[in-house]
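Taking it in order: structure first as structure tokens, then the write-up.
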Amino acid sequence: MYKGGRPNKEIKRTKEKRVLFTEDEFEQLNKMFKDSIYHSVNEMIRDILLKKEYKVVTLDNELREERNIIIGECRRVGNNFNQLIKNFNQKKLDYFTDKDIHFLKINIEQIKMLFGKIEENIKR
């Protein structure tokens, strides 16, 4: 953990591998880099090879809006659920009224729907 003072020395990369590409492969690599969030092709290639991950920036505004809507819904449902549980705890209920059970069922259904939307969104 860095707590001020002189920063830790960066580990120098001294080893290299040379890779040759066809024209199509090179274009594909450059397209991947252009669509990614990486600052260098080397960084991207290291992530793909060593971490088996590849970070992409989406320019699909419809998808971005849908994700923002889902996040907003999650916050709203989470707040409602927290308020409901807080209310139960404040009353120190040993039992639930029909009204309490109704609100709890509604919240659980909303949570199930949100998880379905999140799963669907992740599969894209």
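Rule-based calculations on the coordinates, nothing more; no lab input. Bear in mind the structure is a predicted one, so any value in this text is a computation, not a measurement. Every residue, glycine as well, gets a Cβ built from its backbone with ideal geometry; the counts of neighbours run over all protein chains shown.
Values as computed for the structure displayed
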quantity	calculated
J(HN,Hα) series, segment 108-118, from Karplus relation 6.51 cos²θ - 1.76 cosθ + 1.60, nearest Hz, glycine and proline x	5, 5, 5, 5, 4, 4, 5, 4, x, 5, 5
Cα-Cα over 32 Å, subset of 51/86; 31/51; 9/34	51/86
In order through segment 31-47: 3J(HN,Hα) via Karplus (6.51 cos²θ - 1.76 cosθ + 1.60), integer Hz, x for Gly, Pro	5, 4, 5, 4, 7, 9, 9, 6, 8, 8, 5, 4, 4, 4, 5, 4, 4
Protection proxy ranking of 19-30, 35-46 - average other beta-carbon atoms within 10 Å, highest first	35-46, 19-30
Residues of type aspartates and glutamates that residue 15 reaches as a straight line, Cα spacing below 15 Å, ignoring anything fewer than 8 places off in the same chain	43
